[in-house]
1. Would you kindly calculate the translational diffusion coefficient of region A:1-107, applying Stokes-Einstein with the Kirkwood radius from alpha carbon pairs, for 4 °C and a viscosity of 1.567 mPa s, and quote it in µm² s⁻¹ without decimals?
2. State the antiparallel share, in %, of DSSP beta bridges confined to region B:20-297, rounding to the nearest 5.
3. Report the Cα centroid-to-centroid distance between region A:165-228 and region B:1-48 in angstrom, as an integer.
4. So what's Rg/Rh here for region B:138-184, counting alpha carbon atoms and using the Kirkwood radius for Rh?
5. Using the eigenvalues of the Cα gyration tensor, what equivalent ellipsoid semi-axes result for region A:59-136 when each is taken as the square root of five times the eigenvalue, whole Å, largest first?
6. Other chains near C:15-26: what is the mean number of their Cβ atoms within 10 Å of each residue's Cβ?
7. Using only the alpha-carbon atoms, what does the protein assembly as shown span along each of its principal axes? Please give whole angstrom values in decreasing order.
8. What order, most packed first, do the peptides B:5-17, A:364-376, A:196-208 have when packing is the mean number of other Cβ atoms within 10 Å of each residue?
Ligand SMILES: Cc1ncc(C[n+]2csc(CCOP(=O)(O)OP(=O)(O)O)c2C)c(N)n1
Ligand code: SF4
Ligand code: SF4
Ligand SMILES: [Mg+2]
């Protein structure tokens, strides 16, 4: 193990490098461009032994990954935002074909207006593509989660692709101390990928990607459902094994300062801010806890319900939204509460879209609002924080009256 | 009887008389069993692989409509890493190649992947019910370029895809017709002997979309060439000096002979002006190619 | 019905469309008149299914007085798969294949 000062992208690139992918296919986009850049350098210098395909689009990058994975290779790619959106069609295909592709995402807002800064809308928009989704809080987590993602994706009980999100700039371009494991240790944790169902071999000529009629299609979708459910156990196993091998503990859901009446739920880099806030608020006598969601797909509903036991208000603070509904994370939290009988009130706070900072002030507002909800002074619902609402309404009114 | 390599099995659900399997079968017979096929979405992909059945006896991969070239790039890279050698052949329809898949194809050629890409050109989106593509010929009827009272079929000429790929500097580009089987097989052989991206555009009469009697598939593939509507040529490295027409009809037949059996041109055959427009397009195209061929042969380039 | 399900919808049964007998599609049926057939195999080359087989030279009679032809593989139509498109009849250089009404 070596300690290095790495930006998030470099940490993710290290994760990929240590996983020894056979094929990498990628296309540049801010904020994840440094990942293929760094990998290209290592390959150019002979440090890394992978085939790099610098495609003409993200659509082709993921298509090439599917081609390589279907041939039986371990593959890696990285993208963000518009690039991930352009991959959308192929995301479904990769999971439908049960190909264990791993991808790093520099979580960035979607156009319009075009914006290169952080939010989680890019990955949330791909929620239902059948990929496992993990969110890193730090550069260390970005590296480690990529290795864990491969371990789970290639597990024969799972065989599903996975994406690991790291927040634009806050992580991708920010330097932190990162423990970089030794190659031999990683090789022991993550042995060579040996395909069992997907390969292209003239000695064993199989067909991949056929037409599935109504007579069979649903069985394949059910198989994905089952595989994703099994992934829940395999992820925990892989994280525990990771802890034993590298000494860093991971869990799909990470509670902090449990037992509060108000529980904040967050994902990604703002989780650190949330913990700092909770620590301070506790010292001031507030009854507030925090849960960090690391694995968003699969979602650990029953485990979350356990962590929410005793809560009176659950405040889901998230950097994405489902227009016409509530935030995607809040939807899952709501299901967990309903399904497992958590009687608390649920409030959804939308923060930090398009790179707006998420600060302790935002969490104070979350807490104050949650307390009013607790006292019955305010209805729970959706709250957009730190937005110039009046100006928005004024602009809309100009149009209505035109 | 000695066993002969049959790359495809019968029992697929192509229309009776479909020309696409003829192309596939002969390309793959030439390539042999050590071949991996990547197929774009389209008629060929759909009729050959209805789960749990497959027509293919070689390893076969379908990912999507517009990305056969990109998927094939990934297959090639993976094989390279795994230290394995096999021919990689991509099949795409005209839509999957000249339209929606064009960018991926251009990328594959530019990057220089060792793949033979075969475009089976039935001149429309047949799988979705005969909509126009950029490879649909001038004035042809399709369901989205109907022969209307005001607008008589497709208003644009056929896109010269093979030329555009040749302009990339691809090591080998050719056109082919199943009616000239020896020529087609030779081109496949040549292509497979060259490392890098190769492209063959094979004309594929479609009984359903072109609206002709299914017995005439090969005949139309022949008339397309005999009328100089679809000239057979090859070129290397985008170098005009290597351009060769591989077949020059002794007597150039009027394009009407090619159009006559096809009901997609019924309105054209009823209107001398429209027929003239097609003939003019054919003549100009052919003249240009013939001149280029002669200049190249006589080393005047 | 027991459904065949594989992981990732992989089809590990190469050439399995052969289980589908597409001969039932036929309305016209090609019949080879072996006394005319010169065994050039052009029909075999062009059948799109493919539903024409090359078989043992002795399995079918060859045109009389043509010993060289009699040594070539004979062609045979596999009516399990022939869809009756008529390409073979159209392309046969000596009109040895006749399309007749299919009687079922
Ligand atoms: C992204 C996308 N757009 C549209 C389609 C619908 N679609 C499937 S096949 C096809 C046409 C195929 O045309 P072509 O490539 O010429 O092949 P053909 O069917 O004619 O053999 C279309 C439009 C699709 N599958 N994917
Ligand atoms: S529509 Fe045309 S291309 Fe498609 S299967 Fe039928 S004949 Fe072949
Ligand atoms: S009629 Fe068509 S399908 Fe039948 S044998 Fe002749 S060419 Fe083949
Ligand atoms: Mg087409």
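Here, each number is a calculation from the coordinates, and none is a lab measurement. What you see is a predicted model; the values in this text were computed from it and never measured. Here Cβ is always computed from backbone atoms with ideal geometry, including for glycine, and neighbour counts include all displayed protein chains.
1. It diffuses with D of about 95 µm²/s by this estimate.
2. 20
3. After rounding, the separation between the Cα centres reads 31 Å.
4. Answer for region B:138-184: 1.19.
5. Equivalent-ellipsoid dimensions as semi-axes: 22, 12, 11 Å.
6. Across C:15-26, the average partner-chain Cβ count within 10 Å equals 6.
7. That gives 109, 65, 59 Å along the principal axes, largest extent first.
8. Put in order of decreasing packing, that is B:5-17, A:196-208, A:364-376.
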